[in-house]
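Note sheet for the following structure.
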2 protein chains.
Amino acid sequence: MFEFQLHHTEGQARAGSLTLPHGIVETPAFMPVGTHGTVRGLHPEEVRRAGAQIVLGNTYHLHLRPGEAVVQALGGLHRFTTWDRPMLTDSGGFQVFSLEGLRKIEEHGVQFVSHIDGSTRTITPESSMEIQWALGADVAMVFDHVVPGQAPWELAEEGMERTLRWLDRCRRRHSELVDQWASGPVGQEPRLGSPLPTSPLAHWQTLWPIIQGGTHDDLRMRSLEGTLARGPWTGIAIGGLSVGEPKPVMHRVLEGLAPALPAGVPRYLMGVGFPDDLLEGIARGVDLFDCVAATRNGRHGSAWTSTGKVNIRAASLKLSEAPLDADCDCETCRRFSRSYLRHLFMAEEMLGLRLVSIHNIRFLIRLGEQARVEIQRGTFDRWRQTWLERYHTRRGES
Amino acid sequence: MFEFQLHHTEGQARAGSLTLPHGIVETPAFMPVGTHGTVRGLHPEEVRRAGAQIVLGNTYHLHLRPGEAVVQALGGLHRFTTWDRPMLTDSGGFQVFSLEGLRKIEEHGVQFVSHIDGSTRTITPESSMEIQWALGADVAMVFDHVVPGQAPWELAEEGMERTLRWLDRCRRRHSELVDQWASGPVGQEPRLGSPLPTSPLAHWQTLWPIIQGGTHDDLRMRSLEGTLARGPWTGIAIGGLSVGEPKPVMHRVLEGLAPALPAGVPRYLMGVGFPDDLLEGIARGVDLFDCVAATRNGRHGSAWTSTGKVNIRAASLKLSEAPLDADCDCETCRRFSRSYLRHLFMAEEMLGLRLVSIHNIRFLIRLGEQARVEIQRGTFDRWRQTWLERYHTRRGES
């Protein structure tokens, strides 16, 4: 369990497979984000048919609504949502640190004001572990101190050092939870008689650390060293990127980390990304990605295609019989015309948001699948360059 | 084509089958409403899997958005929306007459102000036929003069008489369109290379008249006589009911019409209904129903169940592992708990609206299927009484 096998490499790019309690994730892979226990606007079957191997749940949002006690009583996030493949939860760190002006950071944890009912709450490294344990995803993330995009060295160091101290606390609490569970009565299983099969190890869970340090290469390296010194780990995440810094800076940080990261562990670049970010990340050794852009853009009628972005409301689509992207194999492109999709958006019909979200999700997942094939063939770098050129220059023609 | 076969009767209740260019509709049947060329919130595959044999499109809405010219250019409403089963369009009459204060009724037609862009538009009996022909549904409806729910005799008579005069004009224009098409070059087919099969008769279309006369039995009978005198027809609709009058009044009107309606023609009760309305209508000889309540209630979190209505936001559902309705075979009930559905509504996730809409649609469609079986067995009336008693007294227990 939690085993990662590296099958092929080409430069820093990697093709591997990660075994988790609920299944195998072939990498590189994009993970759709299911904020409230649903990938926004989509049915779990649609997410599955789009090829998703793993989805992400948001600890912050699920803690506030419906609350981890409800999810646990209903048998955990897998049974509650009926998603039976691997799942990862973030720690809530990114969300609470985003509540600028509504949160107070202390060594103990973060006090914040709920965006829903205005109540005061606290998340600590320990409670983040407890919440994530109750949610029961395959992978839990460490509660980290996230600093703003282009934070100065001193602030970035503070966040990075605190993240290491919190890593110790997270690991301790998480180990306790695992030990308690492992020494409990056999068959101590979620009680809901769900229609979905659940592996006897479904409630087993691993914990991944997060590398911080902002855009400062020396801090990133110290963060990595401190993290590895506390290892071993079954996966390592890189946080605090794609938060406002220029893309070349993100690339430089990734390039600095890649040679120092252990080869046998999957690397997860948090909150990234857009189609070009995926290819640039993969070229720099990243195995896993997540981002809400696919569904958020989909809801706003912005579709990614192999020839660039398409605004689904554009008047030029009014009579277009063509699919969103002639190269795409998603359910939307196989069935519906641009004209119909435009009509749904103009008439503010929910189906439109859904159909474009399905397309965007599939677009990123397929990009991971294609990259994997190209890495296996040793043609990834050439393919990536051709792909990016077409994507950046054609601007949504069809 | 357009043949109706009556297989079984029990009292006034009927089990039949209606052959249309895009397929057979086994009656009694509920038709989901696809206002803007989509059953709100649902994918055509979901509507199909819910057992829908025929859906309804709204001429008024489609005329304004995207406009019938767009739909026709894309190959008609079937290809545009990818719904390949039978379809019926209303005439726009009900919608324009609902625009109280924004419309002017003349013998020529109705002038109204578009609710979208404020432009002034006119629909006449002739243009309604032209719009519906361009949309290309299997069944077009006559442009009728709808009067308010409990209109006095004089106003109801005016609307009823005008509906008969407009029926003449609709029939004339519709016949011209059919003749033009039939004498045109062979294979004058919609041009879109759609992935869906289209019958060579797909653009054939029939026209159904609408009985008006408000709640006045004598006017209803005159409307029916005038309509039959202008026949024969392949179907007859009953309009202007379920618009505010007490339910016993609607039942009385239906009871008055039933013996006088020709047995070999399907009867369509427009804009009805709720679960109990379906059973009461079937008992009074109705074969077809349509109503937006299933999806509208679904979007508002109100679910019909065999034991009454359930408010999906109720606190009592918070930890309920039960499906919405243990007796239901819909996709939602087979997969999701009340607790999860409640969570989706509390978190304002679109998936919630969809899942409850799927349930409500399936609930009405299944009611038609069950009624059909009971009529075939000769046990409909007893079943209906038991069903209604349980529905009205149990109030959503599970």
Exclusive hit being more than 12 Å from B:Glu349 (Cβ to Cβ), surrounded by 24 or more Cβ atoms within 10 Å (Cβ to Cβ), within 13 Å of chain B (Cβ to nearest Cβ) and within 17 Å of the chain's Cα centre (by Cα), set A:Gly37, A:Gly57: A:Gly57
Just give me the residues in the range A:67-78 being out of contact with any Phe, Trp or Tyr (no Cβ under 6 Å at 6 or more places or on another chain) and either surrounded by 24 or more Cβ atoms within 10 Å (Cβ to Cβ) or assigned to a helix (DSSP H, G or I) (or both), in sequence order. A:Glu68, A:Ala69, A:Val70, A:Gln72, A:Ala73, A:Gly76, A:Leu77, A:His78
Suppose we filter B:Glu126, B:Glu158 for residues that are open to solvent by 10 Å² or more (accessible area, probe 1.4 Å), over 28 Å from B:Asp217 (Cα atoms) and out of contact with any Pro (no Cβ under 8 Å at 6 or more places or on another chain); which single one remains? B:Glu126
Would you be able to say whether some residue in the range B:367-385 is assigned to a loop (DSSP other than H, G, I, E, B) and surrounded by fewer than 19 Cβ atoms within 10 Å (Cβ to Cβ)? yes
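Here is a yes/no grid of residues against (1) within 14 Å of chain A (Cβ to nearest Cβ); (2) of a type in the set (Ser, Thr, Tyr); (3) more than 16 Å from B:Glu46 (Cα to Cα):
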{"position": "B:Thr305", "(1), (2), (3)": "no, yes, yes"}
{"position": "B:Ser320", "(1), (2), (3)": "yes, yes, yes"}
{"position": "B:Cys330", "(1), (2), (3)": "yes, no, no"}
{"position": "B:Glu369", "(1), (2), (3)": "no, no, yes"}
Of all residues being open to solvent by less than 10 Å² (accessible area, probe 1.4 Å) and among the β-branched types (Val, Ile, Thr) in the range B:1-32, which is farthest from the other protein chains (Cβ to nearest Cβ)? Just the residue, please. B:Thr27
Filter result for B:Leu207 (outside any loop (DSSP other than H, G, I, E, B) and at pLDDT 95 or above): yes
So which residues in the range B:284-311 are more than 22 Å from the chain's Cα centre (by Cα), surrounded by fewer than 23 Cβ atoms within 10 Å (Cβ to Cβ) and closer than 21 Å to A:Pro66 by Cα? B:Asn311
When restricted to A:Val265, A:Val272, the only residue touching a strand residue (DSSP E or B) at 6+ places or on another chain (Cβ under 6 Å), open to solvent by less than 40 Å² (accessible area, probe 1.4 Å), free of Cβ contacts under 8 Å to residues at least 40 places away in the same chain and at negative phi is A:Val272
Taking the conditions exactly as written (within 24 Å of the chain's Cα centre (by Cα) and touching a residue at least 12 places away in the same chain (Cβ under 8 Å)), does A:Ala326 satisfy them or not? no
If you check every pair at least six apart or on different chains, which have Cβ atoms under 8 Å apart with a residue in the range A:334-352 that is at the interface with chain B (Cβ under 7 Å from one of its Cβ atoms) first and a residue that is among the β-branched types (Val, Ile, Thr) and in a helix (DSSP H, G or I) second? A:Ser339/B:Val70; A:Tyr340/B:Thr81; A:His343/B:Val70
Name the helices (runs of 4 or more DSSP H) wholly inside the range A:233-349 in which the number of residues that are closer than 23 Å to A:His216 by Cα is 3 or more. A:247-257, A:275-283
Close pairs (7 angstrom Cβ cut-off, 6 or more residues apart or separate chains): of a type in the set (Lys, Arg) in the range B:153-167, surrounded by 17 or more Cβ atoms within 10 Å (Cβ to Cβ) anywhere: B:Arg162/B:His145
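The values are calculated or read from the model by the stated rules, or taken from the named source; none is laboratory data. Model, not experiment: these values are computed from the prediction. Here Cβ is always computed from backbone atoms with ideal geometry, including for glycine, and neighbour counts include all displayed protein chains. Surface areas here come from the heavy atoms of the whole protein model, side chains and all, with no ligands, DNA or RNA. Shrake-Rupley method; radii C 1.70, N 1.55, O 1.52, S 1.80 Å.
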